[in-house]
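Engineer: Take a look at this one; I'll ask things after.
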Amino acid sequence: MDGQKRAVEAKTGAESLLLGLKASGIDYLFANAGTDFPPIIEAFATLDPQSVPVPVTVPHETASVGMAHGYYLVTGRMQATMVHVNVGLANSVMGVINAASDNIPVMVMSGRTPITERGRKGARMTPIQYGQEMYDQSSLVADTVKFHYEMRYPEQGEILAQRAAVLARSEPSGPVYVSLPREPLTERVPETVGRATSAQAISTRAFPDPEAIAKAADWLAAAKHPVVLCQRGDPQGRVGIALARLAADFAVGVCEPFSIRNVMASADPMYLGNDPKAALEGADFVLVVDSGVPWIEAVHRPDANVKIVQMGADPQFERMPVRGYQADLAITSDPAAGIEALHAALAGRQLETGARRDAIAARSSDRRRAIADAIEAGKASPMGAEWLSKCVSDILGDDGVIFSELGIVPAAIDAKGPNRVFCNPHSGGLGWALPAALGAQLANRERLVVACVGDGSYMFANPTACHQIAEALDLPLLTIVKNNGMWNAVRRSVVNAYPQGAAAKANRMPLTSLEPAPDYTMLAAANRAHVERVEHGSDLPAALQRALKVIREEKRQAMIEVRVAISDRY
């Protein structure tokens, strides 16, 4: 037999797939099983557990993709999900959309109803295997994934796993999809297949065009009021480190508009907060770093004479059909590498930055004072979102992280550095934060992970499934449900569109109320979580300390429902 031998030989298509997943660096397979899974389950039972990913039972498909998403955010390691044919994939689609929006590499797999009616081991045996067949199952996710393909032969398992993983992790990264009919999973790998799949490396990170960097450096050096807009960093924190250094050395203000993953330390004097309108006021040079939505064109658009540089692995954001932001330069580059190159190009220049540095620091200080006033005003009952956020911030310590979905106010969090606050992707698929936090907690059970979500987002997260996962996997997650009794984002949108309209003046706006509110604590209590409800702001710090005690000493999950005031801002 020609070629090298594998450490473990795959006998079936399912074994080939699982071995390929592990060889591609995948630690976990988050799975919701169905009738297409017997060969996968048999392969798990047959193979050495060290040679395959750890199988994790997830009782709802949306949670599986969310867990893979959150795991990646805190580790930088891609994970995989597998669900039941078209119906399971349909439940996964929202998670895939979120992952695509956030450029998260996730390998999404689903079974496919058997293709054959008889004569093969994997052929159809139940009525649903007729009812679940589609002409093109991949069409459910084809518009959002980087790669989609259907396995056809048993020996393809390894190569498909590796090919999909390499494409998912190469920039711009994103989810991929593999469809798995039961026949090739069940069938034996032919003995004629003797050579192991060749190793494949992900593409190296892109470095910027030196001429483009030199031009950007000239513009920044000539600017009186340069500003950087950056709404997300990388899991390793390289972007945050490079950006903080650039800002400090050359007196450049940094704003994180519509933040997805925080980049700067909150106390950094060059940090201007999250408001693009305030940050862009008076700016004559703007560097946009890996930001799909740096401002809202109808509200914050800079003057046409302002020099604007768009920088990132995909500075054009090709997945967005309509995106008309000005770009005097569009620099394709790994964001950290691009910022570092810009720093190097500026290093030998004599820049007068003293007055600018003082002005930026003063603006930063004013911002912190304003949010401190809002925090203080929110201690009442019902409490303000700023006070809730401050109390959560106080318990984070040096390495705690928050997953927020219409939960916290980023400006009220004292983030010690990058990757402390993760907010829902701009795709807006609700129910993201709670399962993403579960994935982050799975990556490190000793780290404090907080999921802070609105009451509507909590419902979307399938909380019964999420709390069951936390108990089954011994994940000591802290969940905080911000209960304002309504879809407040919808209410704000209506008020902004029709400020003097009938709906804004109504005692009860149509299609926004979530009253009567259920007792959310009972959902978590059903899975033996420590639960509390807090009505008054002054009671929240003590309740959080009691929850922390349970998390640290008993190593089990805790949930606090918090009644908050309705806000026109959050």
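The values are calculated or read from the model by the stated rules, or taken from the named source; none is laboratory data. Since this is a predicted model, take the numbers as computed values, not measurements. FYI the Cβ positions are ideal-geometry reconstructions off the backbone, even for glycines, and counts take in every protein chain you see. Surface accessibility is based on the protein's heavy atoms, side chains included, excluding ligands, DNA and RNA. Shrake-Rupley method; radii C 1.70, N 1.55, O 1.52, S 1.80 Å.
Engineer: Filter the range 192-246 for residues that are modelled with pLDDT under 95, touching a Lys or Arg at 6+ places or on another chain (Cβ under 6 Å) and of a type in the set (D, E, K, R) and give the result.
Structural biologist: Once the filter is applied, which keeps residues that are modelled with pLDDT under 95, touching a Lys or Arg at 6+ places or on another chain (Cβ under 6 Å) and of a type in the set (D, E, K, R), the range 192-246 yields nothing.
Engineer: If you check R552, R563, which single one turns out to be open to solvent by 60 Å² or more (accessible area, probe 1.4 Å) and part of a strand (DSSP E or B)?
Structural biologist: Selected residue: R563, the only one of R552, R563 that is open to solvent by 60 Å² or more (accessible area, probe 1.4 Å) and part of a strand (DSSP E or B).
Engineer: When the range 38-65 is examined, which residues are found to be more than 15 Å from M107 (Cβ to Cβ) and not in a helix (DSSP H, G or I)?
Structural biologist: Across the range 38-65, the qualifying residues are L47, D48, T57, P59, H60.
Engineer: What is the one condition in (1) surrounded by 12 or more Cβ atoms within 10 Å (Cβ to Cβ); (2) part of a loop (DSSP other than H, G, I, E, B) that P499 does not satisfy?
Structural biologist: (1)
Engineer: Name every residue in the range 217-249 that is out of contact with any helix residue (DSSP H, G or I) (no Cβ under 6 Å at 6 or more places or on another chain), closer than 25 Å to Q326 by Cβ and in a helix (DSSP H, G or I), in order of residue number.
Structural biologist: D218, W219, L220, A221, A222, A247
Engineer: Taking the range 106-115 on its own, how many of its residues are open to solvent by less than 10 Å² (accessible area, probe 1.4 Å), assigned to a loop (DSSP other than H, G, I, E, B) and touching a Pro at 6+ places or on another chain (Cβ under 7 Å)?
Structural biologist: Number satisfying all stated conditions: 1.
Engineer: Looking at (1) out of contact with any helix residue (DSSP H, G or I) (no Cβ under 7 Å at 6 or more places or on another chain); (2) under 29 Å from A440 (Cα atoms); (3) at pLDDT below 95, which is the only condition D373 fails?
Structural biologist: Exception for D373: condition (2).
Engineer: Working carefully through the options P315, P294, find the one that is without any contact (Cβ under 8 Å) to a residue 60 or more places away in the chain, surrounded by 21 or more Cβ atoms within 10 Å (Cβ to Cβ) and within 23 Å of A244 (Cα to Cα).
Structural biologist: Result: P315 is the single residue among P315, P294 that is without any contact (Cβ under 8 Å) to a residue 60 or more places away in the chain, surrounded by 21 or more Cβ atoms within 10 Å (Cβ to Cβ) and within 23 Å of A244 (Cα to Cα).
Engineer: While we're here: Which members of the range 430-488 meet the condition of being among the β-branched types (V, I, T), touching a residue at least 60 places away in the same chain (Cβ under 8 Å) and over 23 Å from P55 (Cβ atoms)?
Structural biologist: If the condition is that a residue be among the β-branched types (V, I, T), touching a residue at least 60 places away in the same chain (Cβ under 8 Å) and over 23 Å from P55 (Cβ atoms), then T479, I480, V481 are the ones that fit.
Engineer: So, one more: Of the numbered conditions (1) under 15 Å from the mean Cα position of the chain (by Cα); (2) more than 13 Å from G439 (Cβ to Cβ); (3) open to solvent by 10 Å² or more (accessible area, probe 1.4 Å); (4) of a type outside the set (D, E), R77 fails exactly one; give the number of that condition.
Structural biologist: Failing condition for R77: (2).
Engineer: Taking E340 as the residue in question, decide whether it is open to solvent by 70 Å² or more (accessible area, probe 1.4 Å) and part of a helix (DSSP H, G or I).
Structural biologist: yes
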